[in-house]
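First the structure, in the form of structure tokens, and then the observations on it.
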Amino acid sequence: MTVMTSAPQAQPMHQKRLAADPADQFVVAELAQRQLRLADIEGPLDALAASKWISRQVIGQSFEGRPIYRLTVGQGDTVVLMWSQMHGDESTATAAVLDLLLRVAQDDDWRSTWIDKLTLHIIPMVNPDGAERAQRESAQGIDINRDAQALQTPEARLLRQQAEQLKPAFAFNLHDQNDYYAVGGSVYPATISVLAPAFDVSKSVNASRQRAMQVIAGLMTVMDTHLPGHTGRYNDTYEWRAFGDLFSAFGISTILLESGAYFNDPDRQVARALNRAMLSQALLDIANESNRDADVERYWQIPLNRTNGFHDLLIDDLTVSAEQQSYQVDIAIRRTKNRSHGRIESVGDHSTVNAFERFNGQGLSYRVGNGYAIPATGLSLEHSDYQQLLQQGYSHFMGDQALLQVKTPWPVLVNPARPPSAQPQPDENASFFLAQGARITHAVLQGQLFELTDAGQ
């Protein structure tokens with residue numbers, strides 16, 4: 001029995017390790033997870049605030065009364081503001097900015113090159129209520145990044161007040177994007193995306209926006225060194241309600257960094273490392289004005305993000321037989337973040353997209369499964385029994401779920417709302433079979449692919 005994790009059809013670049021950076025010596029180890037809540041960062045914040053170089057204060061409270069912290073370093077004339085986790089389920093940069101502060105506390109040589117020139121303010125978690133729920137929105141159900149004008153959330157009011165009070169010259173708006181962006185027309189995921197947000201509908205470029213573009217152009221040297229080909233440029237359509245666009249209109253040189261996916265990196269530690277390296281370099285560049293003469297053409301050369309350029313799993317060239325006809329399709333599958341559920345995203349020709357896992361289904365046929373009725377006396381589902389049922393063509397269970405005792409590590413589907421049909425369709429549950437002739441060889445269970453040919457081992 002084997003869990004299929006076959007590598008995508010990839011260039012050798014995908015096999016490279018992320019190049020080391022001096023910032024990698026400074027990592028808050030306990031933050032190596034996809035979702036961070038306030039309780040996860042309060043211990044590290046206590047430790048960082050003990051450094052003589054870092055001050056911490058509570059600048060406000062969330063809707064539900066959780067504290068919102070700001071950490072400050074330096075007393076230079078140029079003010080830099082960074083904030084993270086405005087969206088509660090976007091934690092990657094939160095870990096990265098705490099890594100950055102750890103470097104402030106411990107790396108004397110690096111810190112001394114900029115601390116007298118800059119005042120750095122970091123708000124590591126703008127939306128602790130959303131973080132607690134692992135959701136994008138605040139406790140009020142409002143997207144804080146669409147509340148920059150209406151200001152119906154205390155978190156949005158606080159962030160705007162901070163910008164008006166601190167008057168930063170540069171702002172770093174730190175987010176996570178979904179897994180499925182590709183870099184332009186390439187087969188590479190956008191592990192980092194960048195943007196100098198527009199401040200008007202015409203997407204005009206004034207002096208402050210150009211400075212943001214120059215900062216990004218300078219940071220491309222970091223990406224070109226550490227993970228070339230994996231940087232996309234975010235769409236700059238003007239959004240009046242968003243903070244990046246608003247701050248850009250205030251004359252603040254605003255840089256958006258979006259953390260994205262990489263191969264075999266579900267907790268986004270690759271994007272975290274890239275954030276760490278880029279933010280470390282940005283402070284040096286701004287302090288030394290080394291990006292003042294940077295060519296903005298380098299910014300415009302960054303390929304635009306392509307939506308839906310990636311999937312979690314692609315099964316290529318699979319034969320479907322239905323209505324006395326036969327045809328070949330690729331099936332693209334998306335999973336939830338915790339991989340507990342999967343659905344068919346699309347069916348057809350996927351030759352122009354890629355996936356984090358890719359399987360060649362040539363010579364195999366799509367087979368819809370049957371439901372197995374849970375006995376009234378109950379069922380203890382051992383792993384070996386489950387494999388036998390799968391090989392017999394049972395893809396899911398029907399009946400009283402309370403009577404089913406699951407003892408297998410593989411996903412088990414009970415009473416599916418949208419079980420797969422004879423012809424695979426978008427939005428159906430991704431639980432079906434691959435067969436070679438009459439023999440079932442593989443099972444797709446909640447979007448994960450398992451091989452059944454050696455099920456007895």
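For the range 145-163, the candidate set comprises residues that are within 19 Å of G65 (Cβ to Cβ) and charged (D, E, K, R); within that set, the residue that is surrounded by the fewest Cβ atoms within 10 Å (Cβ to Cβ) is R157. Whether a residue is among the small types (G, A, S), farther than 25 Å from D179 by Cα and modelled with pLDDT of 95 or more was assessed, and S208 passes this test.
Of all strands (runs of 3 or more DSSP E) completely enclosed by the range 285-391, which ones contain at least 3 residues that are within 30 Å of N235 (Cβ to Cβ) and within 28 Å of the chain's Cα centre (by Cα)? Show your work before the answer.
Values: elements: 310-322, 325-335, 342-348, 354-360, 365-367, 370-373, 379-382.
Correct list: 310-322, 325-335, 342-348, 354-360.
Per the conditions (1) of a type in the set (D, E); (2) over 30 Å from H121 (Cβ atoms); (3) not in a strand (DSSP E or B), the sole criterion not satisfied by D245 is (2).
Quick one: A49 ticks every box in (1) of a type in the set (A, V, I, L, M); (2) touching a residue at least 40 places away in the same chain (Cβ under 8 Å); (3) under 23 Å from R276 (Cβ atoms) bar one, so which box is it? Result: A49 fails condition (2) only.
The residues listed here are S55, S62; of these, the one that is more than 30 Å from R146 (Cβ to Cβ), among the small types (G, A, S) and in contact with a strand residue (DSSP E or B) (Cβ under 7 Å, 6 or more places away or on another chain) is S55. Against the list (1) surrounded by fewer than 24 Cβ atoms within 10 Å (Cβ to Cβ); (2) of a type in the set (V, I, T); (3) assigned to a strand (DSSP E or B), the condition I142 fails is (3).
Only one entry of V412, V444 meets the criterion of being among the β-branched types (V, I, T) and either over 31 Å from the mean Cα position of the chain (by Cα) or assigned to a loop (DSSP other than H, G, I, E, B) (or both), and that entry is V412. Pairing residues of the range 126-143 that are within 20 Å of I59 (Cβ to Cβ) with residues that are among the aromatic types (F, W, Y) and surrounded by 24 or more Cβ atoms within 10 Å (Cβ to Cβ), at Cβ distances under 7 Å and at least 6 apart in sequence or on separate chains, gives V126/W83. Looking at N173, is it crowded, with 22+ Cβ neighbours inside 10 Å and assigned to a helix (DSSP H, G or I)? Considered against the rule, which asks whether it is crowded, with 22+ Cβ neighbours inside 10 Å and assigned to a helix (DSSP H, G or I), N173 comes out as no.
Has the range 198-211 got at least one residue that is in contact with a Leu (Cβ under 9 Å, 6 or more places away or on another chain) and farther than 16 Å from E297 by Cα? Yes; the residues of the range 198-211 include at least one that is in contact with a Leu (Cβ under 9 Å, 6 or more places away or on another chain) and farther than 16 Å from E297 by Cα.
Would you check if P426 is within 18 Å of L313 (Cα to Cα) and not hydrophobic (A, V, I, L, M, F, W, C)?
Working: within 18 Å of L313 (Cα to Cα): yes; not hydrophobic (A, V, I, L, M, F, W, C): yes.
Considered against the rule, which asks whether it is within 18 Å of L313 (Cα to Cα) and not hydrophobic (A, V, I, L, M, F, W, C), P426 comes out as yes.
Checking A49, A29 one by one, the residue that is modelled with pLDDT of 95 or more and surrounded by 15 or more Cβ atoms within 10 Å (Cβ to Cβ) is A49 and no other.
Taking every residue in the range 368-385 that is in the same structural domain as I331 (by TED's automatic domain parsing) and pairing it with any residue that is modelled with pLDDT under 95 and assigned to a loop (DSSP other than H, G, I, E, B), at least 6 positions away or on another chain, the pairs with Cβ-Cβ distances below 6 Å are V368/P420; V368/A422.
Of all residues in the range 105-128, which are part of a helix (DSSP H, G or I), in contact with a Lys or Arg (Cβ under 8 Å, 6 or more places away or on another chain) and either surrounded by fewer than 24 Cβ atoms within 10 Å (Cβ to Cβ) or of a type in the set (S, T, Y) (or both)? Lay out the reasoning, then the answer.
Initially, the range 105-128 is screened for residues part of a helix (DSSP H, G or I), giving 105-106, 108-112, 128.
Checking the rest, the ones that are also in contact with a Lys or Arg (Cβ under 8 Å, 6 or more places away or on another chain) come to 110-111, 128.
W110, R111, listed by residue number.
Is it true that some residue in the range 85-93 is over 24 Å from the mean Cα position of the chain (by Cα) and in contact (Cβ under 8 Å) with a residue 40 or more places away in the chain? No, that holds for no residue.
Look through the range 410-434, keep the residues that are closer than 16 Å to Q388 by Cβ and of a type outside the set (V, I, T), and return whichever of them is surrounded by the most Cβ atoms within 10 Å (Cβ to Cβ).
F433
When S91 is tested against (1) hydroxyl-bearing (S, T, Y); (2) touching a Leu at 6+ places or on another chain (Cβ under 6 Å); (3) surrounded by fewer than 17 Cβ atoms within 10 Å (Cβ to Cβ), only condition (3) is not met. Considering the range 223-255, and only residues there that are surrounded by 16 or more Cβ atoms within 10 Å (Cβ to Cβ) and of a type in the set (D, E), the residue that is farthest from W300 (Cα to Cα) turns out to be E239.
The values are calculated or read from the model by the stated rules, or taken from the named source; none is laboratory data. Keep in mind it's a predicted model, so treat the numbers as computed, not measured. Cβ sites come from the backbone with ideal geometry, for glycine too, and all protein chains shown count toward neighbours.
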